[in-house]
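These notes concern the structure reproduced below.
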Amino acid sequence: MTDVPILALDNITKTFPGVVALDKVRLALYPGQVTALIGENGAGKSTVVKTLTGIYQPDGGQILVNGTPVHFATAHDAAEAGITAIHQETVLFDEMTVAENIFIGHAPRTRFGLIDMARTTRDAKALLESIGAPLRPDTKLRDLGIASKHLVAIARALSIDACVVIMDEPTAALSQKEIEELYALVDHLKAQGKAILFISHKFDEIFRIADRYTVFRDGQFVGDGMIADVDQDALVQMMVGRAVDQIFPPRTHTPGEELLKVVGYSHPTEFADVTFTLKQGEILGFYGLVGAGRSEFMQALFGITKPSKGVCRIDGKIIVIRSPADAIAAGIVYVPEDRGKQGAITAMPIFQNVALPSLGKTSRHGFLRMAEEFSLAREYTERLDLRATSLDQEVGNLSGGNQQKVVIAKWLATQPRVIILDEPTKGIDIGSKAAVHSFMAELAAAGLSVIMVSSEIPEVLGMSDRVIVMREGRMVAELEGTKLTPETLVRHAAGIEKAA
Amino acid sequence: MTATPLGRHLPDRLTTRTNRLIRSWELLLLAIAVAIFIFNAMASPYFLNVWNLSDATFNFTEKAMIAFAMALLIVAGEIDLSVAAIIALASTAMGWALQFGVGTPGLVGIGLGTGLLCGAFNGILVTRLGLPSIVVTIGTMSLFRGISYIVLGDQAYRGYPDSFAWFGQGYIWWVFTVEIAIFSMLAVAFGILLHRTNFGRAVYAIGNNPTAALFSGIRVTRVKFILFLLTGLMSGLAAVCLTSRLGSTRPSIGLGMELEVVTMVVLGGVNILGGSGTIPGVVIAAFVMGLVTFGLGLLNVPGIVMSIFIGALLIGVIALPRLFAMVRK
């Protein structure tokens, strides 16, 4: 293995209004090796990817390709230099075929300058075979799952003879089997001498496939080295700058009186006959596979969609929820899974986001009182240790974890009785996860009832007082105490009959 | 380990009010207005005459009434292209009622009422059926004016009572017309509505992200429906003023005015994609358009050429900040 990195960042700095996203960071990628980029949310990982792919131009420092300084003015320049990225949601064209996607922008031409379809298909087929992808070149992309789309993106990377492949959380939406196939493919790329930058929050993954690591924290370089020389604890400490001694907070508090009772909630297509109770100060987990109807049910409970039948009571009184406004008035709030689309209004400042559902409280006779909005926003964002430059900063300029804090602050400011958290720690790092978990425990201890939708077994087990398992739109189990084990959860969720 | 708050103190704002004003679109627009004013004053000896200037305000007052409501609608991510057709239908309804001897208060009521009904019709189609407003209002644009043509053909309604003429021809005091008074009051009212009320905040939230607004408990369809009602009502008011000023109703009344209204709103700095924009911006844009039209009129520039100027002005003003940003790079 050579000592000259194929691609290196040297003292790269990138600032945005009010934020230093990258502060003199360095990063080196070597041919035939996988380098894991590790860091909390807001550490600057996405900014690095965008700098490497020419979407952002750094304010300082330089990018070196094979030791020579280069400047990527556009995404095209970066692609020319052989750098390609595979994103969490792959940027491909759904209405085109696999072959067209692989060769878009550099398709083989006939002598008349038209696209040579026969050769495109033939070359695509060869490429797909070389990576062992069981795909037909003439399939439309919209008919493929996420995992297959990743394969197409990788084939595309190979077709432009990329020397650097960036994988930004490639396994986020994949099943275990698909993940194994991806690992095999990464090994294949390594064998071809490609340099791979692998961004992931999952430590088992990092230790499984990475050769090297680089750790960022708050936009700064913390350390790098060979994976073989470190262990998990050391990496976590570098990431968060402190030891994470305990993943889940202890739950000493016992739930109180029954608060919420849902009977027979049904929807024509998404879920049927959901019935449960929720006590004051209780954390109720909802576990299930993706598509089990959990989010759909929660959105009906929050008034986004209308249930076909079912009754909801709070304190024994029937409440009719026709809109989110009704739900909020009844004390039920919902932190959605999709922060950017449903949770926060990213183009508006923090204080306006936090005050939005509480305008009735902060205003007088329908007229805004900004001072009240600021003090409300300050109270709740400081409780959550929000990291921002001012309350007037646009939410879109914050990192994912901090955007989530704004959404949670927004709901706590309404002083709810029931808070529904839909995948509250999805896509956020270990440090932020622990913060969200201990905050959740504090809220429950203070008497707030929490419904947590989660697909992560450790989180469900570690946080919930009781767990409801859903499968194909129906409740299949309600578990607590000793019955609450990883095995029972998986069995019920997957519909495996009782153990023989 | 507990999530003890670190007590990290966040300041309210980093930029001062003056700082933001200096960098605002409104200030740039105001500078342009002043420049055009000075240019006009030097180009024509008839410009700096208060009575001429007073007459010139008719170039924008009626359009601006609609533009205020349209600004809110566009900030919320919707649009209404049927406003000029609503003027035609409202004016026709008033002229029709005139045949039965309806007096001035009744005529005004009918004009405003017709506007409200048209707005409600647009609003129901957009919010209940979930149709895109640009398609709906292109449809109702033809529909409303079509009804006018069926009722009137090539005829015209005349003979409005003298008291009705007050709206479009009357003066409040000295050179100040009734229309400029209505314009001023509406400017303040809409400014407060958009910038100082919960309703206005909801309008911005919806324009920036309708899904997140809904998930935040904002009654999105209700707010949008109200905005269509308001736009219809303002079109009805503009119909009253315009009919009063012209003294007659023809089916071609206000033809093409919807584009001038949208131009005024966009020139005022409202993002055509929704989410941002201010009422002060629209007020200044109204003056800019009025001054340009008046100045060119004094120089005997024909109407067709005037529309070229307005178009060039719009593109120029929109492109200017972009060009500056590019040059700085």
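The values are calculated or read from the model by the stated rules, or taken from the named source; none is laboratory data. Predicted model only: the values in this text are computed from it and were never measured. No Cβ is skipped: glycine too gets one built from the backbone with ideal geometry, and neighbour counts run over all protein chains shown.
Summary of values
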{"item": "Residue count for region A:105-128, restricted to those that are under 18 Å from A:A162 (Cβ atoms), of a type outside the set (D, E) and surrounded by 15 or more Cβ atoms within 10 Å (Cβ to Cβ)", "result": "4"}
{"item": "Residue count for region A:296-328, restricted to those that are surrounded by fewer than 16 Cβ atoms within 10 Å (Cβ to Cβ) and among the aliphatic types (A, V, I, L, M)", "result": "3"}
{"item": "Test: residue in region A:471-482 that is crowded, with 18+ Cβ neighbours inside 10 Å and either within 17 Å of the chain's Cα centre (by Cα) or under 23 Å from A:V333 (Cα atoms) (or both)", "result": "yes"}
{"item": "Leading residue by the ranking (nearest to A:A126 (Cα to Cα)) among those in region A:151-191 that are among the polar types (S, T, N, Q) and touching a residue at least 12 places away in the same chain (Cβ under 8 Å)", "result": "A:S159"}
{"item": "Failed condition for B:F215, given (1) more than 24 Å from A:G343 (Cα to Cα); (2) in contact with a Phe, Trp or Tyr (Cβ under 9 Å, 6 or more places away or on another chain)", "result": "(1)"}
{"item": "Cβ pairs under 8 Å, 6+ apart, first in region A:66-81 and among the small types (G, A, S), second in a strand (DSSP E or B) and surrounded by 11 or more Cβ atoms within 10 Å (Cβ to Cβ)", "result": "A:G67/A:A8; A:A81/A:V65; A:A81/A:V70"}
{"item": "Filter pass, A:H267 being buried (at least 16 other Cβ atoms within 10 Å of the Cβ), over 30 Å from A:G44 (Cβ atoms) and over 28 Å from the mean Cα position of the chain (by Cα)", "result": "no"}
{"item": "Subset of region A:399-443 that is of a type in the set (S, T, Y) and closer than 14 Å to A:R387 by Cβ - its residue that is modelled with the lowest pLDDT", "result": "A:S432"}
{"item": "Restricting region A:386-396 to residues that are surrounded by fewer than 19 Cβ atoms within 10 Å (Cβ to Cβ) and either part of a helix (DSSP H, G or I) or of a type in the set (K, R) (or both), the residue that is farthest from the other protein chains (Cβ to nearest Cβ)", "result": "A:G396"}
{"item": "Candidates B:L194, B:L186, filtered to the one that is surrounded by 19 or more Cβ atoms within 10 Å (Cβ to Cβ) and within 14 Å of another protein chain (Cβ to nearest Cβ)", "result": "B:L194"}
{"item": "Elements of type helices (runs of 4 or more DSSP H) in region B:197-264, at least 2 residues being surrounded by fewer than 23 Cβ atoms within 10 Å (Cβ to Cβ), touching a residue at least 60 places away in the same chain (Cβ under 8 Å) and away from every other protein chain (no Cβ under 14 Å)", "result": "B:220-246"}
{"item": "Unique residue being within 22 Å of the chain's Cα centre (by Cα), within 9 Å of chain B (Cβ to nearest Cβ), in contact (Cβ under 8 Å) with a residue 12 or more places away in the chain and buried (at least 17 other Cβ atoms within 10 Å of the Cβ) when the list is A:A355, A:A344", "result": "A:A344"}
{"item": "Qualifying residue in region A:83-93 (condition: crowded, with 18+ Cβ neighbours inside 10 Å and free of Cβ contacts under 8 Å to residues at least 60 places away in the same chain)", "result": "no"}
{"item": "Selected residue [at pLDDT below 95 and either under 19 Å from the mean Cα position of the chain (by Cα) or polar (S, T, N, Q) (or both)] from B:G153, B:G191, B:G168, B:G207", "result": "B:G168"}
{"item": "Residue among B:I79, B:I110 that is outside any helix (DSSP H, G or I), of a type in the set (V, I, T), surrounded by fewer than 24 Cβ atoms within 10 Å (Cβ to Cβ) and modelled with pLDDT of 95 or more", "result": "B:I79"}
{"item": "Scan of region A:164-212 for residues that are at pLDDT 80 or above, surrounded by fewer than 19 Cβ atoms within 10 Å (Cβ to Cβ) and aromatic (F, W, Y), ordered by number", "result": "A:Y183, A:F207"}
{"item": "Criterion: touching a strand residue (DSSP E or B) at 6+ places or on another chain (Cβ under 7 Å), part of a helix (DSSP H, G or I) and at pLDDT below 95 - qualifying residue of B:S54, B:S91", "result": "B:S54"}
{"item": "Which numbered condition A:V406 fails, given (1) more than 23 Å from the chain's Cα centre (by Cα); (2) among the hydrophobic types (A, V, I, L, M, F, W, C); (3) within 14 Å of chain B (Cβ to nearest Cβ)", "result": "(1)"}
{"item": "Qualifying residue in region B:15-25 (condition: over 24 Å from A:M370 (Cβ atoms) and assigned to a loop (DSSP other than H, G, I, E, B))", "result": "no"}
{"item": "One residue from A:I179, A:I227 being more than 16 Å from A:A8 (Cα to Cα) and in contact with a Ser or Thr (Cβ under 8 Å, 6 or more places away or on another chain)", "result": "A:I179"}
{"item": "2 or more residues within 24 Å of A:L128 (Cα to Cα): qualifying helices (runs of 4 or more DSSP H) within region A:37-116", "result": "A:75-80, A:98-103"}
{"item": "Within region A:314-348, tally of residues that are touching a Pro at 6+ places or on another chain (Cβ under 8 Å) and under 17 Å from B:I206 (Cβ atoms)", "result": "3"}
{"item": "Considering residues of region A:360-385 that are at the interface with chain B (Cβ under 7 Å from one of its Cβ atoms) and either of a type in the set (D, E) or in contact (Cβ under 8 Å) with a residue 12 or more places away in the chain (or both) only, the residue surrounded by the most Cβ atoms within 10 Å (Cβ to Cβ)", "result": "A:T381"}
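Table: residues versus (1) within 14 Å of chain A (Cβ to nearest Cβ); (2) touching an Asp or Glu at 6+ places or on another chain (Cβ under 9 Å); (3) closer than 30 Å to B:P161 by Cα.
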site	(1), (2), (3)
B:S44	no, no, no
B:T61	no, yes, yes
B:D80	no, yes, no
B:S91	no, no, yes
